[in-house]
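The values are calculated or read from the model by the stated rules, or taken from the named source; none is laboratory data. Since the model is a prediction, treat every value here as computed from it, not as a measurement. All Cβ positions, glycine included, derive from the backbone under ideal geometry; neighbour counts span all protein chains shown.
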Amino acid sequence: MRNIFVNLICAAGLLPFAISVVLAQNSAAPKQTPPAGGPPKPFHLPQLEKFSLPNGLQVTMAPFGSIPKVEVAVAVRSGSLNEPANQVWLAELTGRLIKEGTASRSAEQVAQQAASMGGSITIGVGDDVTRIDSDVLSEFGPQIVALLADVVMHPLLPESDVPRLKQDLLRKLSIEKTQPGALAHEQFVHALYPNHPYGRSLSTEPIIESFTEADVKRFYESNFGAARTHIYVAGKFDPAAVKVAITNAFSDWKRGPDPQIDIPKPVAKKQVELVDRPGSAQSTLYIGLAAIDPSNPDYIPLQVMNALLGGSFGSRITANIREQKGYTYSPRSQVSVRYRDGYWVEVADVTTAVTGPSIKEILYEIDRLQNEPPPSAELDGIKNYLGGLFVIRNSSRDGVINQLQFVDLHQLGDDYLSTYVQKVYAVTPQQVQEMARKYVVPDKLTLVVVGDKEKISDQMAPYLK
Amino acid sequence: MRPLLCLLACVWIMPMTTFAAPPDKSPARFTVTVEYYKLPNGLRVVLSPDHSSPTVAIGVYYRIGFRIEPRDRTGFAHLFEHMMFQGSQNLGKMEMIRLVQQNGGLLNGSTRFDFTNYYEVMPANKLETMLWAEADRMKGLAITEENLTNQKGVVSNEVKVNVINTPYGGFPWLDMPQYANTNWFNAHNFYGELKDIDASTLPDVQHFFSTYYTPNNAALAIVGDFDPADAKAMITKYFSGIPSVPSPKQPDIAEPKQEKERTATKSDPLAKRPALAVSYHMPDRNTPEYYAMGLIDQILLQGDNSLLHDELVKKRGYTDSVDGGINLLGNMFNYQGPMLWTAYLFYDNTVKASDIVTAIESQIAPLRDKPVDQAVLDRALVKMRSSFYDSLGDFNGFGRADMLASFALFDDNPAQINDVEAQFHKVTPALIQKTVTEYLRPTNRTVLVVEPKSADTAGTKSSN
């Protein structure tokens, strides 16, 4: 299997040249085969300890690793999903204002206390979830839980900091609007979700200027509470002590409203958007369409298809437009998911002069995969890749928390992680072809190009029809 | 060919714990297992088993950074890094990448000030596969004109996506060394001028490889779930036959002492808001002042309890974040030569650059005027320890391999990794004061301002 592969590559181009550019001895000698290595070592997911509090708060603890640090993540079902159309980035402003002190601690005290444990409080606001995290030295597990509880449960949300934070958001907006990637992403999600919060990735100046302290307080009251919160603890820590600390600190939190469910109905038709950015040295491409979310049984086969098509360094699209053609540096495809929603997309920044040829090659690779199942050897390599990646992803504090949070958000069940690798290995070449046909439908693709319109209009002509 | 006499050069280095009394209660300590030896051909080998996950991180570090690339070939060290993925004796184009992937691993390479590295994170049972592959490309490359042309295209696109086609491209990581330094080796465009990248030839590739990619100019570090005896046998088998080649004399990369402030303005046609960076030349690596700078960085710049965050973000509202540190292309451990400590921020057109510099200096001056409170120093130590442990655990142990390979290449002493904490604990408030006085003086400073060509007015109103 391996030998055939090597010979094919050589016949295709390398060997005729290699003789003239020998950098070392013996280039004409027959090629050696890489040693296969030993038998695989077993991988064990961390032993989880789960519990919940009467107010609905869920907790998952994952002790593992050798580094004496512990990460505590408070994941709240609050995000841009909860923003009305005229309040885009209110979730972000709320996240930032939460850090500005509590009923009993000033913002400076919060920062100093976290620093004394070797960490800081970081807040990440996503579409579905806001995460309030801290990663500290192991011995401070219970103390950081108490500090996080105060920040999440009793934020001051002070009016005095609102003007400054709004100014920060205006600056963020201004900068993102000059970044081709941010512009392309905005156009792409807007095309897919024109009337849904998932379709609004950039705010506007009037919206940001309209925000008041009252807006933030209302948003916090409507979207924060124990019933929509899951705490994850990963790393080296004393589980008994951390459990007591969580119980003590979070038991008094109000239950709060249940998570808001608002599943989008994405646009499923061919769309082309050309965003003019005069003078661009590259065109930023987003080519994709609505797909499925992780609760769908096709999700793992779709992930396998994606890794083979464009989602890995060795994938077909990357091999084509980067390693053969040199059109781009970091093309990649991905399945991007939110609660009961997902899209597949290929993203690439390509040299302006080859905008059209790049689109053509991407479509060619999609077409090729739809027309014939991948060779088993190629697919086996991709399965091994995903199997290895699974171990790597579950070998860091943040990685473990991300995986657990993913399973919980999408309600995938306790056996999702333990059966994941097995399900990856069960995918057949025919299934990969089927996934490409079913979910990467060419006449439903949305194509967004941010680039120099004058220079790319002609190249784009075949796709504007 | 050299005889296979590896084991005679082997040395066991037992980690010694000599930490000063920590300021906090019963902290868990982490000691890195370090075994260090050299093959007869000069290859430095560092083994650090850790069985907490069935993976291995493998790093091969060559002591050739972009600092010392040829003068008429800016960006060549980095272009060359790409060529190391384009084919060797037994692995053709794409085969290295696929070999790693289909064995369940991740790989990459990077070019830094003083080294170029190639690394993989793999399932532990694939260690031998990757040692074979790394040895194969250390033995020799098989590059075609076609592959070189292809990678010139890829690298040109890399420069475009990271520098040319984006606002603040190259700020401050690529720009600042060019303004703050005077010695060409430290002050040239190390991503490369597109014309230099384009002018590169196969003989350039060949010459660079045979000069710098030799076992005696390299270190191999392995961290993870493996048996050192097995690893040693594999390393002997695959690497010991690679002949050593005398290394060229290192050029003089010293940077003269800066006696006068430098300022520079860069006009950015893609930016709408200004940005500013300040840099100061660092004390020499491994000196007491160098460790003091590590803690000064924690006090002034790292985290939202830092003095600069407090002043520029909270009190003055100039920005939402002040970033930076020692060595923006790595960390304070993985370089060997002149280095900068840099702080930078993005702000609004309503704010004057000079006010920002004044505000930064207002936080540095008190550290110069009197010794810092012990409580402040203690907090900096805790933050440093926490961030140091993060580096040790980073990316399945690759962060640890990076540090071990750097200490092997630059100091011939990877066991130094277990002495780092003790060095920080030796820093006193008086040494902090002395270091700030000597190194964070305005005359040792370079200020770089990115000016938008078409600015948003008033900092709040934008037309697009």
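When you go through A:Met153, A:Met117 one by one, which is the residue that is modelled with pLDDT of 95 or more, away from every other protein chain (no Cβ under 14 Å), touching a Phe, Trp or Tyr at 6+ places or on another chain (Cβ under 6 Å) and surrounded by 19 or more Cβ atoms within 10 Å (Cβ to Cβ)?
Values: A:Met117 fails: away from every other protein chain (no Cβ under 14 Å).
That would be A:Met153, the only listed residue that is modelled with pLDDT of 95 or more, away from every other protein chain (no Cβ under 14 Å), touching a Phe, Trp or Tyr at 6+ places or on another chain (Cβ under 6 Å) and surrounded by 19 or more Cβ atoms within 10 Å (Cβ to Cβ).
Got at least one residue in segment A:70-77 being in contact with a Gly (Cβ under 6 Å, 6 or more places away or on another chain) and either touching a residue at least 40 places away in the same chain (Cβ under 8 Å) or surrounded by 24 or more Cβ atoms within 10 Å (Cβ to Cβ) (or both)?
So far as segment A:70-77 goes, yes, one or more of its residues are in contact with a Gly (Cβ under 6 Å, 6 or more places away or on another chain) and either touching a residue at least 40 places away in the same chain (Cβ under 8 Å) or surrounded by 24 or more Cβ atoms within 10 Å (Cβ to Cβ) (or both).
Scan segment A:231-238 and tell me whether some residue there is assigned to a helix (DSSP H, G or I), modelled with pLDDT of 95 or more and either more than 24 Å from the chain's Cα centre (by Cα) or surrounded by 21 or more Cβ atoms within 10 Å (Cβ to Cβ) (or both).
Residues of segment A:231-238 that are assigned to a helix (DSSP H, G or I), as a first pass: none.
No, there is no match, as no residue in segment A:231-238 is assigned to a helix (DSSP H, G or I), modelled with pLDDT of 95 or more and either more than 24 Å from the chain's Cα centre (by Cα) or surrounded by 21 or more Cβ atoms within 10 Å (Cβ to Cβ) (or both).
When you scan segment B:270-287, do you find a residue that is more than 29 Å from B:Lys453 (Cβ to Cβ) and without any contact (Cβ under 8 Å) to a residue 60 or more places away in the chain, even just one?
There is at least one residue in segment B:270-287 that is more than 29 Å from B:Lys453 (Cβ to Cβ) and without any contact (Cβ under 8 Å) to a residue 60 or more places away in the chain.
From the list B:Arg441, B:Arg445, B:Arg400, exactly one residue is within 19 Å of B:Arg285 (Cα to Cα) and within 14 Å of another protein chain (Cβ to nearest Cβ). Which is it? Reasoning before the result, please.
Numbers: B:Arg441 fails: within 14 Å of another protein chain (Cβ to nearest Cβ); B:Arg445 fails: within 14 Å of another protein chain (Cβ to nearest Cβ).
It is B:Arg400.
Here are the criteria: (1) at pLDDT 95 or above; (2) surrounded by fewer than 22 Cβ atoms within 10 Å (Cβ to Cβ); (3) touching a His at 6+ places or on another chain (Cβ under 9 Å). Tell me which single one B:Arg71 does not satisfy.
Unmet condition: (1).
Regarding segment A:122-134, can at least one residue be identified that is crowded, with 21+ Cβ neighbours inside 10 Å and facing chain B (nearest Cβ under 9 Å)?
Looking for residues that are crowded, with 21+ Cβ neighbours inside 10 Å and facing chain B (nearest Cβ under 9 Å), one finds none in segment A:122-134, hence no.
I need the full set of residues from segment A:156-171 which are among the charged types (D, E, K, R) and facing another protein chain (nearest Cβ under 7 Å), in order please.
From segment A:156-171, those among the charged types (D, E, K, R) are A:159, A:161, A:164, A:166, A:168, A:171; that's our starting set.
A:Arg164, A:Asp168, A:Arg171, listed by residue number.
Out of segment B:80-122, which residues are touching a residue at least 40 places away in the same chain (Cβ under 8 Å), in contact with an Asp or Glu (Cβ under 9 Å, 6 or more places away or on another chain) and facing another protein chain (nearest Cβ under 7 Å)?
B:Gly87, B:Gln89, B:Asn90, B:Lys93
Being within 30 Å of B:Gly325 (Cβ to Cβ), at pLDDT 95 or above and assigned to a loop (DSSP other than H, G, I, E, B) is the requirement here; does B:Pro172 meet it? Write out each step before concluding.
Working: within 30 Å of B:Gly325 (Cβ to Cβ): yes; at pLDDT 95 or above: yes; assigned to a loop (DSSP other than H, G, I, E, B): yes.
So B:Pro172 fits the description; yes.
Looking for whichever is assigned to a loop (DSSP other than H, G, I, E, B), farther than 20 Å from B:Arg385 by Cα and more than 18 Å from the chain's Cα centre (by Cα) here; the options are B:Leu276, B:Leu270. Which one fits? First the steps, then the outcome.
Numbers: B:Leu276 fails: assigned to a loop (DSSP other than H, G, I, E, B).
Exactly one of B:Leu276, B:Leu270 is assigned to a loop (DSSP other than H, G, I, E, B), farther than 20 Å from B:Arg385 by Cα and more than 18 Å from the chain's Cα centre (by Cα), namely B:Leu270.
What about A:Gly326, is it of a type in the set (Gly, Ala, Ser) and under 24 Å from A:Asn371 (Cβ atoms)?
Taking the combined requirement at face value, the residue does not satisfy it.
If I ask for residues that are away from chain B (no Cβ under 14 Å) and either surrounded by fewer than 20 Cβ atoms within 10 Å (Cβ to Cβ) or polar (S, T, N, Q) (or both), which ones from segment A:273-289 would you list? Don't jump to the end; show me each part of the working.
From segment A:273-289, those away from chain B (no Cβ under 14 Å) are A:273-274, A:286-289; that's our starting set.
Matches in segment A:273-289: A:Glu273, A:Leu274.
If I ask for residues that are closer than 17 Å to A:Asn82 by Cβ and in contact with a Leu (Cβ under 6 Å, 6 or more places away or on another chain), which ones from segment A:178-202 would you list?
Once the filter is applied, which keeps residues that are closer than 17 Å to A:Asn82 by Cβ and in contact with a Leu (Cβ under 6 Å, 6 or more places away or on another chain), segment A:178-202 yields only A:Pro197.
Within segment B:204-216, restricting attention to residues that are β-branched (Val, Ile, Thr) and either in a loop (DSSP other than H, G, I, E, B) or away from every other protein chain (no Cβ under 11 Å) (or both), which residue is surrounded by the most Cβ atoms within 10 Å (Cβ to Cβ)? First the steps, then the outcome.
Step one: list which residues in segment B:204-216 are β-branched (Val, Ile, Thr), which gives B:205, B:211, B:214.
Add one more test, that the residue is either in a loop (DSSP other than H, G, I, E, B) or away from every other protein chain (no Cβ under 11 Å) (or both), and what stays is B:211, B:214.
Details: B:Thr211: 15, B:Thr214: 22.
So, considering only residues that are β-branched (Val, Ile, Thr) and either in a loop (DSSP other than H, G, I, E, B) or away from every other protein chain (no Cβ under 11 Å) (or both), the one surrounded by the most Cβ atoms within 10 Å (Cβ to Cβ) is B:Thr214.
I want to confirm something. Restricting to segment B:311-324 and keeping residues that are buried (at least 19 other Cβ atoms within 10 Å of the Cβ) and free of Cβ contacts under 8 Å to residues at least 40 places away in the same chain, which single residue is farthest from the other protein chains (Cβ to nearest Cβ)?
Taking segment B:311-324 as the starting set, the residues that turn out to be buried (at least 19 other Cβ atoms within 10 Å of the Cβ) are B:312-313, B:318-320, B:322, B:324.
Narrowing further to those that are free of Cβ contacts under 8 Å to residues at least 40 places away in the same chain: B:313, B:319-320, B:322.
Details: B:Val313: 8, B:Thr319: 7, B:Asp320: 4, B:Val322: 13 Å.
Checking each candidate, the answer is B:Val322.
Taking the residues in segment B:133-149 that are within 7 Å of chain A (Cβ to nearest Cβ), touching a Gly at 6+ places or on another chain (Cβ under 9 Å) and buried (at least 20 other Cβ atoms within 10 Å of the Cβ) as candidates, determine which candidate is modelled with the highest pLDDT.
The residue in question is B:Lys139.
Hey, among A:Ile321, A:Ile300, which residue is among the hydrophobic types (A, V, I, L, M, F, W, C) and within 12 Å of chain B (Cβ to nearest Cβ)? Reasoning before the result, please.
Working: A:Ile300 fails: within 12 Å of chain B (Cβ to nearest Cβ).
Matching residue, one of A:Ile321, A:Ile300: A:Ile321.
What do you reckon, is B:Ile235 more than 30 Å from B:Ala275 (Cα to Cα) and β-branched (Val, Ile, Thr)? Don't jump to the end; show me each part of the working.
Values: more than 30 Å from B:Ala275 (Cα to Cα): yes; β-branched (Val, Ile, Thr): yes.
The answer is yes for B:Ile235.
Of the residues that sit in segment A:391-411 and are more than 15 Å from the chain's Cα centre (by Cα) and not β-branched (Val, Ile, Thr), which one is nearest to the other protein chains (Cβ to nearest Cβ)? Reasoning before the result, please.
Looking only at segment A:391-411, we keep the residues that are more than 15 Å from the chain's Cα centre (by Cα), and these are A:391-392, A:394-397, A:408, A:411.
Filter once more, so that each one left must be not β-branched (Val, Ile, Thr): A:394-397, A:408, A:411.
On the way: A:Asn394: 8, A:Ser395: 4, A:Ser396: 7, A:Arg397: 8, A:Asp408: 23, A:Gln411: 28 Å.
In this case the residue turns out to be A:Ser395.
Can you go through B:Val351, B:Val372 and tell me which one is on the phi < 0 side of the Ramachandran plot, within 11 Å of chain A (Cβ to nearest Cβ) and not in a helix (DSSP H, G or I)? Please lay out each step first, then the result.
Numbers: B:Val372 fails: within 11 Å of chain A (Cβ to nearest Cβ).
Testing whether each residue is on the phi < 0 side of the Ramachandran plot, within 11 Å of chain A (Cβ to nearest Cβ) and not in a helix (DSSP H, G or I) leaves just B:Val351.
Only one residue in A:Lys236, A:Lys270, A:Lys254 is touching a residue at least 60 places away in the same chain (Cβ under 8 Å), among the basic types (Lys, Arg) and within 14 Å of another protein chain (Cβ to nearest Cβ). Which one? Break it down stepwise before answering.
Details: A:Lys270 fails: within 14 Å of another protein chain (Cβ to nearest Cβ); A:Lys254 fails: within 14 Å of another protein chain (Cβ to nearest Cβ).
One residue alone meets the criteria, A:Lys236.
Among the residues in segment B:280-297, are any of a type in the set (A, V, I, L, M, F, W, C) and at the interface with chain A (Cβ under 10 Å from one of its Cβ atoms)? Steps first, please.
First, pick out the residues of segment B:280-297 that are of a type in the set (A, V, I, L, M, F, W, C): B:282, B:292-293, B:295-296.
Checking which are at the interface with chain A (Cβ under 10 Å from one of its Cβ atoms) leaves us with none.
Within segment B:280-297, not a single residue is of a type in the set (A, V, I, L, M, F, W, C) and at the interface with chain A (Cβ under 10 Å from one of its Cβ atoms).
What number of residues within segment B:279-294 satisfy the criterion of being part of a helix (DSSP H, G or I) and surrounded by fewer than 23 Cβ atoms within 10 Å (Cβ to Cβ)? Quick ask: steps written out before the conclusion?
Step one: list which residues in segment B:279-294 are part of a helix (DSSP H, G or I), which gives B:288-294.
When the remaining residues are screened for being surrounded by fewer than 23 Cβ atoms within 10 Å (Cβ to Cβ), the result is B:288-290.
Qualifying residue count, segment B:279-294: 3.
Give B:Met384, B:Met332 a once-over and let me know the one that is out of contact with any Pro (no Cβ under 6 Å at 6 or more places or on another chain) and either within 10 Å of chain A (Cβ to nearest Cβ) or surrounded by 23 or more Cβ atoms within 10 Å (Cβ to Cβ) (or both).
Working: B:Met332 fails: either within 10 Å of chain A (Cβ to nearest Cβ) or surrounded by 23 or more Cβ atoms within 10 Å (Cβ to Cβ) (or both).
Testing whether each residue is out of contact with any Pro (no Cβ under 6 Å at 6 or more places or on another chain) and either within 10 Å of chain A (Cβ to nearest Cβ) or surrounded by 23 or more Cβ atoms within 10 Å (Cβ to Cβ) (or both) leaves just B:Met384.
Could you pull out the residue among B:Val32, B:Val60 that is buried (at least 23 other Cβ atoms within 10 Å of the Cβ), closer than 25 Å to B:Asn396 by Cα and at pLDDT 95 or above?
On inspection, the qualifying residue turns out to be B:Val60.
Can you pull out the residues in segment A:399-445 that are closer than 16 Å to A:Ile292 by Cβ, crowded, with 17+ Cβ neighbours inside 10 Å and of a type in the set (S, T, N, Q)?
Of everything in segment A:399-445, just one residue is closer than 16 Å to A:Ile292 by Cβ, crowded, with 17+ Cβ neighbours inside 10 Å and of a type in the set (S, T, N, Q), namely A:Gln431.
If B:Ala219 satisfies every condition in (1) surrounded by fewer than 21 Cβ atoms within 10 Å (Cβ to Cβ); (2) at pLDDT 95 or above; (3) among the hydrophobic types (A, V, I, L, M, F, W, C) but one, which is the exception?
(1)
Consider B:Ser26 carefully, then state whether it is in a loop (DSSP other than H, G, I, E, B) and either surrounded by fewer than 24 Cβ atoms within 10 Å (Cβ to Cβ) or modelled with pLDDT under 95 (or both).
On the way: in a loop (DSSP other than H, G, I, E, B): yes; either surrounded by fewer than 24 Cβ atoms within 10 Å (Cβ to Cβ) or modelled with pLDDT under 95 (or both): yes.
Considered against the rule, which asks whether it is in a loop (DSSP other than H, G, I, E, B) and either surrounded by fewer than 24 Cβ atoms within 10 Å (Cβ to Cβ) or modelled with pLDDT under 95 (or both), B:Ser26 comes out as yes.
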